[in-house]
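A quick write-up on the structure given underneath.
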Amino acid sequence: MKQFYLTHKRNAWFWAFLGLMAVLLFAFPLMSRDAGMSGDEAFNIEQAKHVLRFYQTLGKDTVAISQYGRDGNIREYGQMPDNLSALVAAAFRAEDILAVRHLLNALFGWLGVLFAALLAYRVSGRWFAAAATALLLFFSPRYLGHSFNNLKDIPFAAMMMMGVYYIVRFVQAFPKPPLRVCAMLAVSIGLATGTRVGGFLLIAYFGLFGLAWFASRHFSFFREKEKAAPGKSGKKTQSRPHAQRQTGRLLVRLLAYGAAISAAGYALAVLIWPYALVSPLKNVLTAFQNMSHFQISIRQNFEGAMQWSSALPWYYTPKFILISVPVAVAVGAVAYLFAGGLKRGKRLTTFIVYFSFIFPVFWIVYSNANVYGGWRHSLFAYPPMAVAAGLGFCALMTNARHKLLKAACAALPLLMLIPSIAFTLRNHPYEYVYFNGFAGGIKGAFGRYEMDYYYHSSREAAEWVRADVAKNGAPDSARKVRVATWHIPSVSYPLRHDTATFSVGFCRWNERGYSDWDYAVFTVTGMSPELLKSRRAFPPKNTAYRVTVDGVPICIVLKREDRSDYYGHLAMQQGKTDEALAHLRKALAYDEHNEQALDDLINLYSRTGMTDAALELAQQWVKFNPGNATALNHLATLYFDRGDLSSALLTANAITKLNPGDISGLWIAANVYARENNPNAALRNLNRILQVRGNFKPAYQLMAQIYSNAGNHQQAQRIIDAMNSIR
């Protein structure tokens, strides 16, 4: 350590790096204090409690390893950071569990920056590369924003980065790697896997990069040219048998180290992960298989269309990365390849750095992985990309021959980061919704890509509701203030000390008119892109507060000024048609874009024979929100009932295009074709319906009717028999 200090004490960039890391050590935790609860934290907090009880009871309390929870697979996450947070909170009897969680997560974010910077130094031998990497990663708003409250992806990214760093340390020191390097590599593998089973990727990296190092000893592509001393012809070559024996021993030594370190990392992961501990082989394999083929599919706004996460285009992840990282990082990462990364002697470390961020993205594309929520699932691939960028700017500065040019290259990463720095300063703590110039910034991305999909802004919205009630009083002093939302935990946590005043209940955005509430909090996610881009209809008339990022709303608070839509829906359910009509007409008079009132009123008009009025409302609805499947369904059905088959078919096809999993468009189209005496087209649509929903009996009945009309009574009976066998 003393020698290290003496070597670097006169290096200004060394001190700049130390100073920067010291500032960031305070900045990360300080900034995390402003973060709200993320979308997954409630589940992870609960699971962490069960994990602690599992260890406290020596495995007798088995809830942590049972199949329960929102997705039924939470046991398959090691969730080491969540468990550590629960342990710290319990030890210090902390009331605010989120504050503890966010503090620890911020420290993991800092560790990710530290090891990325140290890797840049290891590769380049220059502290400027380390400082540039740290700066680039910290002012990457997506990474920074997730460092506040994403205990799944940020700690995993930090441990993966730590692992790659120690792999480089290992291969640089082999065949005599220090014990501490081997130990830290094993710890990296264990902690990464104890966070998410994908941490086993570090073992694969270790094997691949170790073999790449071995190849570098025997293939001239990787090696530096050996220069013979003046007057010498070079080193004396060894005999082939002796060289082969040395090579064999070296390979055996490499494999032995690899096996021992990997086994130690695996053992650590098993010890801190209850599900793995009870069955170290079977359960780990199960978790790996399930995480590789995630079953849940979520609708995402991508390129201005709602798409299922299981059917997103192959380029979803690479494009999302490209449009949401600082341009400086992309430029620096490309620059390193042309500014020295491919020089002889640098090729092995260049391969390691680039493989670490390219391969995960490639694998997501190749395997057609089910991903959603931007690119947070591949966030662990980003720190190595920042390393490549830091190396790129360092190489540009090093290669510059003139002092002024060197100074310009040194300032270049900071200058190119100005847009993301300004975004961070303007929009804290919502850095993670950042979009760069390739997407037109946040304004260009609004309505085309998901914004606050992790519910960070719910905290600010809930705090505004509390302040508004304190200022203006409760709407009804005889009862609690009712707050509706579709993500209860992120809204109820900021109000946890005010349960005597507030009650928080579940409500979907497209059903908000059907329940009784005083305030409603909705992040702008999962909403129709067409609605979001409609300046007339969004935000709704009763919007009382907006959480904005660069002027764009990412969360809105609705304040109930008129309950006519609710009263109308209630009367409709009770069969009070006249009363329902009066209330619903009043609701539309208050806000002509009230989709719930439109839905109910169209249904009432259709039931009472007022089809012209129903059609007019459906057309009005589709005009301002052409992406609403319910509106399209109403319109297609009304066209069909009126005999306008071409318009009905056109609208039905729009429904199917909007959501291939929605059979309503296929069903209307099948009926249109049947009425037009086009049995083949009708049967094609009916078969598509049964592929999606095999128990949809009306499809069997229409299919049987088509065959019967064609004289194929035997096939018609088989279809009826198949329908009758459905339970």
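The values are calculated or read from the model by the stated rules, or taken from the named source; none is laboratory data. Just so it is clear, the structure is predicted and the values come from calculations on it, not from any experiment. Counting neighbours? That spans all protein chains shown, and the Cβs are built from the backbone with ideal geometry, glycine included.
Would you confirm, using the coordinates I've provided, whether D468 is in a loop (DSSP other than H, G, I, E, B), more than 16 Å from S324 (Cβ to Cβ) and not basic (K, R)?
no
Picking from R180, R217, which residue would you name as being out of contact with any strand residue (DSSP E or B) (no Cβ under 9 Å at 6 or more places or on another chain), modelled with pLDDT under 95, over 30 Å from G437 (Cα atoms) and not acidic (D, E)?
One residue alone meets the criteria, R217.
Looking at S420, is it more than 25 Å from M306 (Cα to Cα) and not in a helix (DSSP H, G or I)?
Spelling it out, it is not the case that S420 is more than 25 Å from M306 (Cα to Cα) and not in a helix (DSSP H, G or I).
So which of L202, L191, L250, L254 is over 21 Å from K343 (Cα atoms) and either modelled with pLDDT under 90 or acidic (D, E) (or both)?
Just a single option satisfies the conditions, and that option is L250.
Kindly indicate the residue of the stretch 655-672 that is touching a residue at least 24 places away in the same chain (Cβ under 8 Å) and surrounded by fewer than 21 Cβ atoms within 10 Å (Cβ to Cβ) and also farthest from N712 (Cα to Cα) among those meeting that condition.
Taking the candidates together, the pick is L658.
Within the stretch 272-282, which residues are touching a residue at least 40 places away in the same chain (Cβ under 8 Å) and in a helix (DSSP H, G or I)?
Those that are touching a residue at least 40 places away in the same chain (Cβ under 8 Å) and in a helix (DSSP H, G or I): P274, Y275, A276, L277, V278.
If the requirement is being of a type outside the set (F, W, Y), out of contact with any Phe, Trp or Tyr (no Cβ under 8 Å at 6 or more places or on another chain), modelled with pLDDT of 90 or more and within 23 Å of D452 (Cα to Cα), which of these qualifies: L52, L30, L18?
L30
Given the criteria in a helix (DSSP H, G or I) and within 31 Å of the chain's Cα centre (by Cα), does L666 qualify?
Against the criterion (in a helix (DSSP H, G or I) and within 31 Å of the chain's Cα centre (by Cα)), L666 does not qualify.
Of everything in the stretch 141-180, what is part of a loop (DSSP other than H, G, I, E, B) and either of a type in the set (S, T, N, Q) or out of contact with any Pro (no Cβ under 9 Å at 6 or more places or on another chain) (or both)? Give them in sequence order.
Within the stretch 141-180, N150, F174, P175, K176, P177, P178 qualify.
Name every residue in the stretch 632-663 that is in contact with a Ser or Thr (Cβ under 9 Å, 6 or more places away or on another chain), assigned to a helix (DSSP H, G or I) and of a type in the set (G, A, S), in order of residue number.
If the condition is that a residue be in contact with a Ser or Thr (Cβ under 9 Å, 6 or more places away or on another chain), assigned to a helix (DSSP H, G or I) and of a type in the set (G, A, S), then A636, A648, A652 are the ones that fit.
Against the definition (buried (at least 22 other Cβ atoms within 10 Å of the Cβ) and assigned by TED's automatic domain parsing to the domain that holds Y121), how does A410 come out, yes or no?
Here the answer is no, as A410 does not meet what is asked.
Quick check on the stretch 558-580. Is at least one of its residues out of contact with any helix residue (DSSP H, G or I) (no Cβ under 8 Å at 6 or more places or on another chain), in contact (Cβ under 8 Å) with a residue 60 or more places away in the chain, among the basic types (K, R) and surrounded by fewer than 23 Cβ atoms within 10 Å (Cβ to Cβ)?
The answer is yes; a qualifying residue exists.
If a residue counts only when it is surrounded by fewer than 17 Cβ atoms within 10 Å (Cβ to Cβ) and not assigned by TED's automatic domain parsing to the domain that holds E46, which strands (runs of 3 or more DSSP E) contained entirely in the stretch 471-553 have at least 1 such residues?
Here the list reads 502-506, 543-549.
State which residue is farthest from L686 (Cα to Cα) when the search covers only the stretch 696-727 and only residues that are touching a Leu at 6+ places or on another chain (Cβ under 9 Å) and assigned to a helix (DSSP H, G or I).
Looking at residues that are touching a Leu at 6+ places or on another chain (Cβ under 9 Å) and assigned to a helix (DSSP H, G or I), I get Y707.
Which members of the stretch 291-326 meet the condition of being modelled with pLDDT of 85 or more and either in contact with a His (Cβ under 7 Å, 6 or more places away or on another chain) or assigned to a helix (DSSP H, G or I) (or both)?
The answer is Y316, T317, P318, K319, F320, I321, L322, I323, S324.
Take the residues in the stretch 267-290 that are hydroxyl-bearing (S, T, Y) and at pLDDT 90 or above, then tell me which one is farthest from V433 (Cα to Cα).
Only one residue fits best here, namely S279.
Would the stretch 331-347 turn up any residue that is among the aromatic types (F, W, Y) and touching a Ser or Thr at 6+ places or on another chain (Cβ under 9 Å)?
yes
Any residue in the stretch 252-267 that is buried (at least 19 other Cβ atoms within 10 Å of the Cβ) sitting within a Cβ distance under 7 Å of a residue that is small (G, A, S)? List the pairs, counting only those 6 or more apart or interchain.
Once the first residue is buried (at least 19 other Cβ atoms within 10 Å of the Cβ) and sits in the stretch 252-267, its partners that are small (G, A, S) give L254/G210; I261/A186; G265/A186; G265/G190.
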